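The structure appears below as structure tokens.
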Amino acid sequence: MPVTQAVCLVGGRGTRLGTLTDQTPKPLLAVGGRPFLDYLIHDARRFGLNRLLLLAGYQSHEIVSRYDGKRFDSLAVDVVVEAEPAGTGGALLHARDRLDDSFFLLNGDSFFDFNWLNLATADAHEHWAMHVALATGIVGSRYGRVELAGARIKGFHPEGDSSQPINAGIYLARRSLLDEIKTLPCSLEREILPKLAQEGRLLGYAARGAFIDIGVPDDFARAQTFIPACMRRPAAFLDRDGVLNRDDGYVHRIDQVTWIDGAIDAVKWLNDAGYYVFVITNQAGVAHGYYAEEQIHELHGWMAEELQSRGAHVDAFEYCPFHPEGAVDRYRQVSEFRKPKPGMIRRLQQEWPTDPAKSFVIGDRDTDMEAAAAAGLPGFKFPGGNLAEFVKSHVTARRVGETATAPQ
């Protein structure tokens, strides 16, 4: 089953930031002109999650006022408030009845530019309770270090400059780990994780990417430009029929989908390489009366689940239902969003912080290439075959913040 829930720990006091958190909870401090927590919400949306649970404590009324019951596109946010501080383990235990069997768990004061869905590989292993994202290449002595042997974490070491990775504060967790909490208050980091490592039940996934923790003044100041820069990234605009799935004519049902060879691998490669991945597809079948827009949404939802099962995701699906010769009156029109016009690309560029200088379009038709040119982007025409091989032959692998450092 796909993971659809994220849980974020936002209850800490943030004492190391001094007067900055006297009236404002640390996750709501402004970074680059917006609350830090908004960046984590942005990522939760990107990875296809539909529910986010915020576990609040200190100055919880501020968290509740801004986020409780709100929606961010398809992501619904709720807040659970603990009456008394009980540590990170206690906050989870208090929300036990609201947790899925498996969920992503986030620290509310750190950012790691990482494909969360890589943690879903835990399902290939037995005997695990948590899967931990580990940041490699971190320079500095501020953070404790993690000893990783294969896929399992063997132990934790004190702060110091080391080639070993650090705990990046993103986890895939099983609700059953709460059975390990025997007394309160309880710290997941100091009490539960070391115990799970000792028992061989703690998995680790090491990756290189931009990392920052806003918990100290110097890093909070650095975050003001560091995190907004991480948000701006190149985009891959992919046609759907003929690129991701075989174009058998007006595909609109799950049973009609045949994935192109290497399509899911190509999307995952782009995810891991640090690109936004968008689908831009003409869907004239709506205008011709062959199917309804709801069927497009259902199909794209299914495709998103299939991708997630392989650790991949599409950041947004964009489609155009219009056609100038459509049979359905409301859809019979010339549209700037129908390729070869660039409307779908331009709308995504307005809604997402893309880097046009490094973005591109992949399609299988001349109209895709014309849309790319009209948007000022290079276009690569896919001739068929293996999409992953095609992508790797045309696109340079990159990561946002390849050299991740931490101040000493």
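Here are some notes:
- Search result, residues across region 299-316 that are touching a residue at least 12 places away in the same chain (Cβ under 8 Å) and farther than 17 Å from residue 388 by Cβ: 299, 300, 302, 304, 305, 308, 315, 316
- Residues of region 235-250 classified as in a loop (DSSP other than H, G, I, E, B) and buried (at least 20 other Cβ atoms within 10 Å of the Cβ), total: 4
- Scan of region 160-178 for residues that are out of contact with any Lys or Arg (no Cβ under 6 Å at 6 or more places or on another chain) and in a loop (DSSP other than H, G, I, E, B), ordered by number: 160, 161, 163, 165
- Look at (1) surrounded by 19 or more Cβ atoms within 10 Å (Cβ to Cβ); (2) among the aliphatic types (A, V, I, L, M); (3) closer than 26 Å to residue 346 by Cβ; (4) out of contact with any Lys or Arg (no Cβ under 6 Å at 6 or more places or on another chain) and you find that residue 279 fails only one, number (4).
- For residue 192, the conditions (1) assigned to a strand (DSSP E or B); (2) touching a helix residue (DSSP H, G or I) at 6+ places or on another chain (Cβ under 6 Å); (3) buried (at least 18 other Cβ atoms within 10 Å of the Cβ) are fulfilled apart from (1).
- Every condition in (1) under 29 Å from residue 353 (Cα atoms); (2) in contact (Cβ under 8 Å) with a residue 60 or more places away in the chain holds for residue 264 except the one numbered (2).
- When region 251-276 is filtered for residues that are in a strand (DSSP E or B) and either surrounded by fewer than 17 Cβ atoms within 10 Å (Cβ to Cβ) or hydrophobic (A, V, I, L, M, F, W, C) (or both), only 259 remains.
- Residue satisfying all of: in region 328-353; in contact with a helix residue (DSSP H, G or I) (Cβ under 7 Å, 6 or more places away or on another chain) and not in a loop (DSSP other than H, G, I, E, B); farthest from residue 231 (Cα to Cα) among these: 332
- Any hit, region 150-164, residues being more than 20 Å from residue 207 (Cα to Cα), of a type outside the set (D, E, K, R) and within 26 Å of the chain's Cα centre (by Cα): no
Taken together, the values in this text are just the output of simple stated rules run on the coordinates, not laboratory data. Fair warning: this is a prediction, and the values are worked out from it, not measured in the lab. Virtual Cβ from ideal backbone geometry, glycine too; neighbours counted across all protein chains shown.
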